[in-house]
Amino acid sequence: MQALHIHAGPQALAHIREHGLRPEHIGVIPGAAGGPKGLILGPLDRFIFGEWLPQSSQPVDLVGASIGAWRMATACLNDAVAAFERLEHDYIHQHYDPLPGAKRVTAQQVSDAFGQSLGAFYGGRIGEVLSHPRYRLHIVTSHGRHVLHREHPVATPLGYAGAFLSNVLHRRALGAWLERVVFSGHGARLPFDSQDFRTRTVSLNEGNFMSALQASCSIPFALKAVHDIPGAPQGAYWDGGITDYHLHLNWTAPAQGTEGAIVLYPHFQKTVVPGWLDKALKWRHGPTRFLDHTVVLAPNPEWVKTLPGGKLPDRKDFMTFERDLAGRVKVWNAAASASQQLADEFGAWLQKPSLLSVQPL
C-alpha cells in the first residue's frame with residue numbers, strides 16, 4: 001500500500017509542473033505541534049536534512065511549534081541524522097512516575113523532567129543550532145495576556161475558557177488572551193506575513209534558547225508555563241501550538257525565480273489546522289491562499305490504519321499504557337519504523353516527480 005500522499009497548493013503545483021522539485025527550491029520547512037504524532041516524521045526528517053537538502057546551498061527558514069520546534073532545532077545540529085535518531089529514542093522512552101502517595105504525575109514533575117531532557121539533549125550544543133550556516137530557526141510560543149499573563153490555579157482555567165469562546169467567534173479574537181511570540185535566530189525576519197494574528201518577535205540567543213524551546217512544548221495543564229523568558233516580554237509562555245497548531249501561516253515566497261520558492265511541509269495529516277483551539281472547528285480546516293506555495297507530505301489515511309492500533313501515536317497512549325512502558329515503547333517503535341516507507345517513497349518520487357502522484361491541497 002502506498003504510504004505517502006503528496007498535496008500541493010496551486011502555485012506549488014505549477015512549480016512542480018514546470019521545474020520538478022529540487023532541494024534548492026525549498027525556502028521554508030514548518031514543523032507542526034502534535035506531540036507523539038510527530039514520531040512518524042523521523043525518517044522523512046533524516047532523509048530531507050541528512051541526504052536531500054544538503055545537495056543545495058540556499059538559506060532555509062525552519063519554523064516550529066511544540067514537537068515541531070524540537071524537530072527544527074534538531075535539524076540545525078551537526079550530524080542531524082544522529083540527532084534525529086536520538087530525539088526519536090528520547091521521545092519514545094520518556095516516562096514519568098507519580099510521586100509517592102500520588103495517583104498522577106504533576107505538571108511540575110513533567111516540566112522539571114522535560115527541562116532536564118532538553119538540557120541533556122542540547123547542553124553545550126546551542127551554539128551549533130544558532131550558528132548553522134544555512135538554517136534560520138524560528139521557535140513559536142504562545143504568550144499569555146491579561147488574566148493569562150501569569151499562571152494561576154483559578155485564573156488560568158478561566159482564561160483558557162475565555163480564549164476558547166473568543167476563538168469560536170473569530171480566530172483574531174483569541175489575540176485578546178494569547179499572542180504569538182516568535183524567537184528567531186540569525187536576526188532573521190519572519191518568513192510569513194504576521195498580520196493574521198497578534199505577533200511579537202524576539203531574538204533567539206544562547207541565553208533564552210532553552211526557555212523558549214521548553215515554552216513552545218509546554219502544553220497547558222500538562223506542563224507548567226515558562227515565565228519571563230530573557231529578552232522577551234514578561235509573563236507566561238505556553239505551547240506554540242495553542243496559537244499555531246499546524247502553522248497555517250501566510251508564507252511569503254519570492255515573486256520570481258525558483259530558489260527558495262517552495263514551503264516543504266512534512267506533516268502527519270493532510271489538513272493544516274490554524275490553532276489548537278480550532279481542532280473541533282472543521283470549517284477552519286480547509287486550505288487558504290496562505291498555502292498556495294506549500295507542498296505537504298502526509299501519510300495515506302488508509303496506510304495509517306495498518307499501524308498498531310490503526311492510528312498514529314498520540315498523547316492518549318500515555319494513559320492507555322500508563323502502567324506498561326514496554327508496551328507503549330513497542331507500539332511507538334513499530335509506528336516509527338513503519339514510517340520509513342514515507343521517506344523511501346518521497347525519495348523515489350523525487351527521482352521522477354509525477355503530477356499524477358500529487359493531489360491538490
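The values are calculated or read from the model by the stated rules, or taken from the named source; none is laboratory data. Only a predicted model underlies this, so the values are computations on that prediction, with no experimental measurement involved. Quick reminder, even Gly has a Cβ in these numbers, built from the backbone with ideal geometry, and neighbours come from all protein chains shown.
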What's the number of the condition GLN108 fails, among (1) closer than 28 Å to PRO30 by Cα; (2) out of contact with any strand residue (DSSP E or B) (no Cβ under 7 Å at 6 or more places or on another chain); (3) in contact (Cβ under 8 Å) with a residue 60 or more places away in the chain? (1)
The listed residue being crowded, with 19+ Cβ neighbours inside 10 Å and hydrophobic (A, V, I, L, M, F, W, C), out of ALA326, ALA338, ALA298: ALA298
With the checklist (1) under 21 Å from ALA225 (Cα atoms); (2) crowded, with 17+ Cβ neighbours inside 10 Å in hand, flag the one item LEU99 doesn't pass. (2)
Pair list, Cβ under 7 Å, 6 or more apart: segment 333-348 residue in contact (Cβ under 8 Å) with a residue 60 or more places away in the chain, other residue surrounded by fewer than 16 Cβ atoms within 10 Å (Cβ to Cβ) and outside any helix (DSSP H, G or I): GLU345/GLN2
Of the residues that make up segment 279-289, is at least one crowded, with 24+ Cβ neighbours inside 10 Å, of a type in the set (Val, Ile, Thr) and over 29 Å from ARG125 (Cα atoms)? no
Considering residues of segment 308-361 that are among the aromatic types (Phe, Trp, Tyr) and more than 22 Å from the chain's Cα centre (by Cα) only, the residue farthest from PRO36 (Cα to Cα): TRP349
Need the failing condition index for ASP314 against (1) closer than 29 Å to LEU249 by Cβ; (2) modelled with pLDDT under 95, just the number. (2)
Determine, yes or no, whether GLU259 is at pLDDT below 95, acidic (Asp, Glu), farther than 21 Å from GLY144 by Cα and more than 13 Å from the chain's Cα centre (by Cα). yes
Being of a type outside the set (S, T, N, Q), at pLDDT below 95 and closer than 19 Å to HIS293 by Cβ narrows GLU18, GLU24 down to just GLU18
Which residues, counting only those in segment 37-84, are touching a strand residue (DSSP E or B) at 6+ places or on another chain (Cβ under 9 Å) and of a type in the set (S, T, N, Q)? SER56, GLN58, SER66
Quick check on my filter: what residues within segment 124-144 are in contact (Cβ under 8 Å) with a residue 60 or more places away in the chain and outside any helix (DSSP H, G or I)? ARG134, TYR135, ARG136, LEU137, HIS138, ILE139, VAL140, THR141, SER142, HIS143, GLY144
Tell me which residues, restricted to segment 77-99, are over 27 Å from VAL273 (Cα atoms), among the aliphatic types (A, V, I, L, M) and in contact with a Lys or Arg (Cβ under 8 Å, 6 or more places away or on another chain). LEU77, ALA80, VAL81
May I ask you to list the residues in segment 191-233 that are in a helix (DSSP H, G or I) and more than 18 Å from the chain's Cα centre (by Cα)? GLN195, ASP196
Does segment 65-76 contain at least one residue that is at pLDDT 95 or above, touching a Cys at 6+ places or on another chain (Cβ under 6 Å), within 23 Å of VAL273 (Cβ to Cβ) and surrounded by 24 or more Cβ atoms within 10 Å (Cβ to Cβ)? yes
Taking segment 158-184 as the search range and keeping residues that are in a helix (DSSP H, G or I) and free of Cβ contacts under 8 Å to residues at least 12 places away in the same chain, which one is surrounded by the most Cβ atoms within 10 Å (Cβ to Cβ)? SER166
May I ask you to list the residues in segment 222-265 that are closer than 23 Å to HIS152 by Cα and of a type in the set (S, T, N, Q)? GLN234, THR243
